[in-house]
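The values are calculated or read from the model by the stated rules, or taken from the named source; none is laboratory data. Bear in mind that the values here come from a model prediction, so they are computed numbers and not experimental data. Ideal geometry is used to build each Cβ from the backbone, glycine not excepted, and the neighbour counts take in all protein chains shown. The protein model used for the area step is the full one, side chains on, heavy atoms only, and it has no ligands, DNA or RNA in it. Shrake-Rupley method; radii C 1.70, N 1.55, O 1.52, S 1.80 Å.
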Amino acid sequence: MISVDALTVEFGATTLFKNISFVINEKDRIALMGKNGAGKSTLLKIIAGAQTPQGGKVTVPKDRVVAYLPQHLMTENNRTVFEEASQAFSHISDMETEIEAINKELSTRTDYESDTYYALIEKVSALSEKFYSIEETNFDAEIEKILLGLGFSREDFTQPTENFSGGWRMRIELAKILLLKPDLILLDEPTNHLDIESIQWLEEFLINCGKAVVIISHDRAFVDNITTRTIEVTMGRIYDYKVNYSRYLELREERREQQQKQYEDQQKIIADNMEFIERFKGTYSKTLQVQSRVKMLEKMEMVEVDEVDTSALKLKFPPAPRSGNYPVIVTDAEKKYDEHLVFKDANLTLERGEKVAFVGKNGEGKSTLVKIIMNEIKCGGNVQLGHNTMIGYFAQNEASLLDENLTVFETIDDVAKGDIRTKIKDMLGAFMFSGDNTTKKVKVLSGGERTRLAMVKLLLEPVNLLILDEPTNHLDLKTKDILKSALKAYDGTLILVSHDRDFLDGLADKVYEFGNQKVKEHLGDINSFLETKKMNNLKDIERKS
């Protein structure tokens, strides 16, 4: 359907990728994978036509529609949510307006034999044929279905878009793309601003829409559930497998093991032949054999072993100073904003060393309770921190709070105090900032690099209660796995606000669900929580029917 031919992209002296080619077929659901900075977003922009490569081309048939959702986007402020979503169908109303204008012009003209009159007739005929071929659709019902699926309430439909955060505006853009029903949907980190229920809805939509999809996402569970093909961008090349991401990793490892064995076998053959040539090159009776082996070595096609990306985060949280047995006790907490009740009768008790997850739809109070625990906002009820509780906090927008005009080194140097100042370069190196990278300005860093830099600040002081609000946004899968391992090994208490099921799996011992103005405790991990939720939903459906 769409072909990518010999693409080459260079930034200064750095080659991002060279001569890469592949075809996107109808109904392909492709995961575009690779570490931060490998060129995934650049490749997506080129396919979308938003960026031009230094070499190669992307061929899209004229009758195919490509829709692209970038990582960062802002909607218009002068429309309501429903009006902005309706812009997906603006091309249809524009077409109808143009047909009416041409028909009106034709009715007033009398130069029936002129070339311009014939040109207008041909144009209105083509437009009319295209307009009437569009399936009759209840556009309002389609808009409503998509907006509700992405987490908006009917009350939100009439609200101005300027009343919504960047994450919710991203959902409006996603709604417009889904309403377009394009032949190819390009999504760059679509789950960063979606809660678990909205992600599950999006999964089902993309699986059932029957269109081609290319996704960049660091949500492994989402990627594995959606995609049937994986293209990894690494070391300037691509690897293309017709399987989901988890299976691809297994196949790639098997392939590399085979390559390594073939390489070692070939090196042994080369060494044996070189030894023979050196030993008998002056021996007249062995001349033909020596020449034969020289020619064989010259013609031999050398086995190459795939390069492995060895750059990795080296993350270990400092030992947690001992806190009291119960670092946090929340009793009958209630929070209102004017007349809006966020939650009431919220109760939470954390034991030392416990790891819990806060989950639920956006806007249900997860971050609010975090701020209450940190004493940033007041509430009804009682919040008690245990003896010697020391909090380390990573905000959802932590990466965007960094001063863009500082360098990587200055960002840490400005806040580090005491003996830790002598270890700044070592800490930055452990977070993959070494050499010239430490003098880069924050404003040129990718989203993943900013997140890593913001995390360095967490390690500047030992803490025994870590509160992380969406820490995995913009982190590549390898870095997420390393962060997850470090958090598993962390001996302090942990509160995780996250919608990333794969990240939470095996990390959180208990789940607190936020919704319907309540905070509900679920004993067990994220998988048992999701299973319980599905059962409840089925019972609700049965009760309604």
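Key figures
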quantity	calculated
DSSP bridge pairs, the chain: antiparallel proportion in percent, nearest 5	50 percent
Nonlocal amide H pairs with Phe431, under 5 Å, H built at 1.01 Å	Lys314
Gained length - Leu127 relative to Asp111, 0.36 nm times residue gap less alpha-carbon distance	3.6 nm
log10 of Debye I(q)/I(0), alpha-carbon scatterers only, for the stretch 406-483 at 0.10, 0.22 Å⁻¹	-0.23, -1.11
Of all DSSP beta bridges in the stretch 129-285, antiparallel share, percent nearest 5	50 percent
The stretch 36-188 - convex hull of alpha carbons, volume per residue in Å³	165 Å³
Stretch gain in nm, segment Glu204-Asp240, where the contour uses 0.36 nm per residue and the Cα spacing is subtracted	10.5 nm
Alpha-carbon centroids, the stretch 36-61 and the stretch 514-534: separation in whole Å	41 Å
Out-of-range pairs (alpha-carbon distance over 22 Å; input Lys18/Lys40; Lys35/Lys316; Lys361/Lys510; Lys316/Lys371)	Lys316/Lys371
By accessible area with a 1.4 Å probe, ligands and nucleic acids excluded, highest first: order of His193, His474, His218, His387	His387, His193, His474, His218
Projected-area average for the stretch 375-420 over all orientations - Cα convex hull basis, square nanometres	5.4 nm²
Protein accessible area in the chain, 1.4 Å probe - carbon and sulfur %	48 percent
For the chain, the longest site-free run once trypsin sites (Lys or Arg not before Pro) in DSSP loop states with at most 16 other Cβ atoms within 10 Å are removed	110-241
Shape category assigned to the chain from the gyration tensor of Cα positions, a/c cut at 1.5	oblate
Estimated FRET transfer efficiency (Phe276, Ala50; beta-carbon r; R0 56 Å; 0.05)	0.45
19 Å reach of a label modelled at Gln291, 7 Å along Cα-to-Cβ, counting backbone N of the stretch 254-279	274, 276-279
Accessible area, probe 1.4 Å, largest first, for residues Met1, Met33, Met274	Met274, Met1, Met33
The chain: calculated mean residue ellipticity at 222 nm from DSSP helix runs of at least 4, using -39500 (n - 2.57)	-12500 deg cm²/dmol
Net charge, Gln258 excluded, C-beta distance under 15 Å - Lys, Arg +1, Asp, Glu -1	-4
